[in-house]
Amino acid sequence: MIDIALLRNDPELVRENIRKKFQHQKLPLVDEALALDGRRRTLQTEGDALRASRNALSKEIGRLMKEQKREEAEAVKAQVTANAERLAAIEAETDEVSEKLKGVMMRIPNIISADTPIGKDDTENVERKRFLEPKVPDFEVPYHLDILEKLGGIDIDSARRTSGQGFYYLTGDIARLHSAVLAYARDFMIGKGFTYCIPPFMIRSDVVSGVMSFEEMDGMMYKIEGEDLYLIGTSEHSMIGRFAGQTVEEAKLPLTLTSYSPCFRKEKGAHGIEERGIYRIHQFEKQEMIVICKPEDSEAWYEKMWNYTVELFVSMGIPVRQLECCSGDLADLKYRSCDVEAWSPRQKKYFEVGSCSNLTDAQARRLGIRYKTEKGSAYCHTLNNTVAAPPRMLIAFVENHLRADGSVEIPEVLRPYMGGKTEITPRQA
RNA sequence: GCAGAAGUACCCAAGUGGCUCAAGGGGCUCCCCUGCUAAGGGAGUAGUACCUGUGAAAGGUAGCGCGGGUUCAAAUCCCGCCUUCUGCGCCA
């Protein structure tokens, strides 16, 4: 949600931003917002004046009652009553207009960064930089599920019977590797000065509606029957929700947190879940990082954050690239965003393993996350980024470390978490 | 999960319908006096959001856990919810 003051002072800037995102159908929202804002202010001024008079008259009644001047008091009461209806109407309209205005403001996208490439959709995202040489081995790399099955690491069939499509049993060394990656990612972020946090895996509906739009909620969130609770789709939900409505002391900023959680998603959206494999599933686990900082620091944090993810993947020997999201592919709350993509030697292309976003003050304004300054308070900036999300990252892992004999090498950084193992070998049939 | 109690500002806390647009104390800031293991006096102290308005000002509204209701008027009465504490119960 952008600052209404910005919209008042420079509506053309807001319109230009909408054009850059190819959301021309939203252009009328700017004038709608201006009109509603004007109406709301008129109503507030009038309502405030009526309340001021009511306060004064009520005080007068109190005085008269004390002096036993009942009749005079009744006369003043009548005056207040006469205004009551008008005030009630104004209050009702104020609520209605404010609600509408909020709805319109929520649909106006955040101002995007000057560095964001202009483009219609994800096909126009721009590769910025590659890390490690993307290699294709001289043998054919099988589909990840086949690799994992050969290693005795996955049982999808049983999961279909117990839970349906989109779930998995990970077993043996692959399950251990999954945990190892999470533990390594956790320690990696702790090493960068982040505070480790395990948040609630369920949140109330008011938190859900605070952190996402209704459409997202409908397409992603699982509701607990008979409770006002939802399973989180990412720990960002409970991590950011933690600070909703809070004013943070300036001295405590930046808040740099790394959180672990399982993530549950309906994946009702465009692609749905895959028939085969573990690329897009209903349940996965993720190590996440979030930063809440002062506005002047958010761009520097954005750069640091995506680079941490790159550094983590490079340390495991997985080639990656940074892909800058273009204007049209940027979600409305985002100022800028990039994906970290890992190399797939099977598909001979990169695929998404993480996403880093700077939401500037748009999310903080919506949720009321502030910090105290000498002169009052201001909205924080919020950022979030994936550290590692297995089992998806396991796809990149096994594809890149697969050897001709079907075994998979364990990179050195993970060996301490694997009891010193150096490789995972195919299970003898 | 059941029962009881509670939620007021940075902290403690008074306050059962109207001179409370929240008393008092602690703390904090400033001033005075004193002069060093200290003590006393005075002044200020609700952060915030929104609105009107200006050169600067100034004013108004909201706000006593949250949301409704009753009333001319609500911290106060009524309803729902949240949270905390105590006891009982249940449970890794």
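All of the numbers you see were taken from the coordinates with simple rules; none came from a lab. On a predicted model such as this, the values are computed, not experimentally measured, just so you know. In this analysis, Cβ positions are derived from the backbone assuming ideal geometry, glycine residues included, and neighbour counts consider all displayed protein chains.
Some values worked out for this structure:
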quantity: 0 to 90° range, to nearest 10: angle between helix A:172-191 axis and chain A longest Cα axis; calculated: 50
quantity: Exposure proxy order (Cβ contacts within 10 Å, fewest to most) of A:SER407, A:SER163; calculated: A:SER163, A:SER407
quantity: Long-range amide H partners of A:ARG128 with built H, under 5 Å; calculated: A:GLN322, A:LEU323, A:GLU324
quantity: Intensity falloff of the stretch A:29-161 expressed as log10 I(q)/I(0), Debye formula with alpha-carbon point scatterers, at q = 0.09 Å⁻¹; calculated: -0.65
quantity: The stretch A:218-292: C-alpha gyration tensor shape, a/c 1.5 cut-off, then a/b vs b/c; calculated: prolate
quantity: Residues A:GLU32, A:GLU423, sorted so that the one with the fewest Cβ neighbours within 10 Å comes first; calculated: A:GLU423, A:GLU32
quantity: Rel. contact order, % - alpha carbon contacts under 8 angstrom, at least six apart, the stretch A:4-107; calculated: 35
quantity: Burial order of peptide ranges A:41-52, A:347-358 (average beta-carbon count within 10 Å, highest first); calculated: A:347-358, A:41-52
quantity: Distant-in-sequence amide H partners of A:ARG280 (H built 1.01 Å from N, under 5 Å); calculated: A:GLU274
quantity: Total charge dipole magnitude, chain A, about the Cα centre, Cβ charges on Lys, Arg, Asp, Glu only, Debye to nearest 20; calculated: 540
quantity: Ordering of A:146-156, A:81-91 by packing [mean C-beta count within 10 Å, highest first]; calculated: A:146-156, A:81-91
quantity: Gyration tensor (alpha-carbon) shape descriptor, the stretch A:105-247, a/c threshold 1.5; calculated: oblate
quantity: For the stretch A:4-107, with +1 on Lys and Arg beta carbons and -1 on Asp and Glu, the positive-most of A:ALA49, A:LEU64, A:ILE4 along the dipole; calculated: A:ILE4
quantity: Alpha-carbon gyration tensor eigenvalues x 5, square-rooted, for the stretch A:222-361, Å; calculated: 26, 23, 14
quantity: For the stretch A:273-429, diffusion coefficient by Stokes-Einstein and Kirkwood Rh (Cα), 25 °C, 0.890 mPa s, µm²/s; calculated: 139
quantity: Among A:GLN23, A:PRO319, A:PHE194 the positive-end extreme of the charge dipole of chain A (Cβ point charges); calculated: A:PHE194
quantity: Descending semi-axes in Å of chain A, equivalent ellipsoid built from Cα gyration tensor; calculated: 53, 23, 20
quantity: From phi via Karplus (6.51, -1.76, 1.60), per-residue ³J(HN,Hα) for the stretch A:418-426 in Hz, x at Gly/Pro; calculated: 10, x, x, 4, 10, 7, 10, 10, x
quantity: Phi-based couplings in Hz for the stretch A:65-78 (Karplus 6.51, -1.76, 1.60; Gly and Pro marked x); calculated: 4, 5, 8, 6, 8, 4, 5, 4, 4, 4, 5, 5, 3, 4
quantity: Whole-number percent relative contact order across the stretch A:83-242, with pairs defined as alpha carbons under 8 Å at least 6 apart; calculated: 12
quantity: Residues whose placed amide H lies under 5 Å from that of A:LYS286, excluding near-sequence neighbours; calculated: A:SER261, A:CYS263
quantity: Gyration tensor (alpha-carbon) shape descriptor, the stretch A:163-248, a/c threshold 1.5; calculated: oblate
quantity: Highest to lowest packing among A:172-185, A:330-343, scored as the average C-beta count within 10 Å; calculated: A:330-343, A:172-185
quantity: Karplus 3J(HN,Hα) series, Hz, for the stretch A:248-262 with 6.51 cos²θ - 1.76 cosθ + 1.60 (x for Gly, Pro); calculated: 8, 5, 3, 5, 7, 7, x, 8, 10, 10, 10, 10, 10, 6, x
quantity: Dipole-positive endmost among A:ALA362, A:THR382, A:VAL340 within the stretch A:334-390 (Cβ charges, Cα centre); calculated: A:ALA362
quantity: Cα-based Kirkwood hydrodynamic radius, the stretch A:4-107, one decimal, Å; calculated: 16.4
